[in-house]
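Below is a structure I'd like to ask you about.
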Amino acid sequence: MGSHLSKQLERRKAISTEKKALADLQQSCGCEFPGCDYTPSDRKAWMAGVGPDKLHINKIVWPGTHDSATNKIGIRFVSRPFAQCQSLSIYNQLVAGTRVLDIRVQEDRRVCHGILKTYSVDVVLTDLKRFLSETESEIVILEIRTEFGHEDPPEFDKYLVEQLGDHLIHQDDGVFGKTVADLLPKRVICVWKPRKSPQPKRGDPLWSAGYLKDNWIDTDLPSTKFESNLKHLSQQQPAASRKFFYRVENTVTPQPDNPILCVKPVTNRIHCYAKVFIIECVKRGCADKLQIFSTDFIDKEFVDACVGLTFARAEGKA
């Protein structure tokens, strides 16, 4: 009992120390980065606002959501706080400016997060198609994976192709050097990551797992995650020369050995430091490597930071 209490006290001290480290960094680093003064006039159509002919796919800073379809997961006020990473629907995330979706599914095509489940993936695709019908120049990266511990939904690749049809941008390394305008009217890069089923191949309507990579570390320590993100990002090639998407996730995760297990209070330890991360990328010389930037509970400040840096790149200022 005493040993357990001592470990808990040590953990709380470590969390407090790391929260202070990020707060101190925020105070010392300033608030400016290339494009920080740019605000999209319409987040629903921010790619159109920047200019589809100026936006190269490999130079966009893509605002993404982590565990995107968890707004109604589990039972409200009971299990939901332990797995909910977004409060907005998929449609409202896209309207708010999100352009990368992270969807986890189980065998029956229901979205899940660990052992908890929510609505069918049909809801995700209906929301996505509604958004596409209301915009003209917005490209969306849709990542769908079979959640750890679950089986692949049968013939899921065929289902995705049937549902998204002509919207799909086929797997092709040449896409990375093209502009948004070059790819239109096709609008969706769909990355399908099955656990056991065959991976999509070159030329297929869907993209294979190797085209969306990250270096996830499972921690609830905010400064540890922040510095790990910077370290792994700095080891990448510049985004303009990569033939895959690289994601950095501005999130931390509840741990079973800590009494705070609800997602929101834990992820809030790092949530407000997205701009600080971009500023540090600039200072440490790796801003040109930032590509997909994802978060829990996405908000306009996060979107604006990503869009601002994208605008600066499009204008040749970053």
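Compute the FRET efficiency between Lys283 and Asp218 as 1/(1 + (r/R0)^6), taking r as their Cβ-Cβ distance and R0 = 25 Å, and round to the nearest 0.05.
Details: r = 27 Å, r/R0 = 1.08.
Computed FRET efficiency for Lys283 and Asp218 comes out at 0.40.
Assign unit charges at the C-beta atoms only (+1 for Lys and Arg, -1 for Asp and Glu), then state the dipole size of the chain relative to its Cα centre in Debye, rounded to the nearest 20.
580
Further question on the same structure: Within region 253-287, name every residue whose backbone N is under 12 Å away from a label modeled 7 Å from Cα of Asp299 along the Cβ vector.
268-275
Given a 10 angstrom Cα cut-off, can you work out which residue in Cys112, Cys29, Cys286 is the most mobile in a GNM of the chain?
Fluctuation is largest for Cys29.
In nanometres, what is the gap between the two model label sites at Ser79 and Thr39, each 7 Å from Cα along Cα-to-Cβ?
In this crude label model, Ser79 to Thr39 measures out at 4.1 nm.
While we're on this one: Given q = 0.10, 0.11, 0.13 Å⁻¹, what are the Debye log10 I(q)/I(0) values for region 176-318, with equal point scatterers placed on the Cα positions and solvent ignored?
Once normalised to I(0) and log-transformed, intensities are -0.41, -0.49, -0.69.
Ratio of region 68-114's C-alpha Rg to 2.2 N^0.38 Å, to two decimals?
Scaled against compact globular proteins, the figure is 1.16.
OK, next. Could you tell me what percent of the accessible area of region 129-243 is made up of carbon and sulfur, with a 1.4 Å probe and every protein chain present?
Carbon and sulfur together cover 48 percent of it.
Ok, one more. Using mean Cβ contacts within 10 Å as the protection proxy, how do 97-109, 70-82 order, highest first?
Listed from highest to lowest mean packing, they are 97-109, 70-82.
Now for a separate question. About the Cα centre of region 161-258, how large is the charge dipole given +1 on each Lys and Arg Cβ and -1 on each Asp and Glu Cβ? Please answer in debye to the nearest 20.
That gives a dipole near 320 debye.
Just need the relative contact order of region 170-266 here, percent rounded to a whole number, with Cα pairs under 8 Å and 6+ apart.
Here the relative contact order equals 26 percent.
Using the heavy atoms of the protein chains alone and a 1.4 angstrom probe, what is the accessible area of the chain per residue in square angstrom?
About 44 Å² of surface per residue is accessible.
Using a Förster radius of 41 Å, what is the FRET efficiency between Gln27 and Ala209 based on their Cβ-Cβ separation? Nearest 0.05, please.
Computed FRET efficiency for Gln27 and Ala209 comes out at 0.55.
Specify the inter-centroid distance of region 282-318 and region 90-152, based on alpha-carbon positions, in whole Å.
Each part's Cα centre sits 23 Å from the other's.
Could you grab the relative contact order for the chain? Cα pairs under 8 Å, six or more apart, rounded to a whole percent.
26
Could I ask something else about it? For region 1-160, what number of Lys pairs, 8 or more residues apart or on separate chains, have alpha-carbon atoms under 30 Å from each other?
17
Kirkwood hydrodynamic radius (Cα pairs, Å) of region 142-257?
Evaluated on region 142-257, it is 16.2 Å.
The values are calculated or read from the model by the stated rules, or taken from the named source; none is laboratory data. Computed from a predicted structure; not experimentally measured. Note: ideal-geometry Cβ built from the backbone for every residue, glycine included; neighbour counts use all protein chains shown. Heads up: the accessible areas ignore ligands, DNA and RNA and are worked out on the full protein's heavy atoms, side chains in. Shrake-Rupley method; radii C 1.70, N 1.55, O 1.52, S 1.80 Å.
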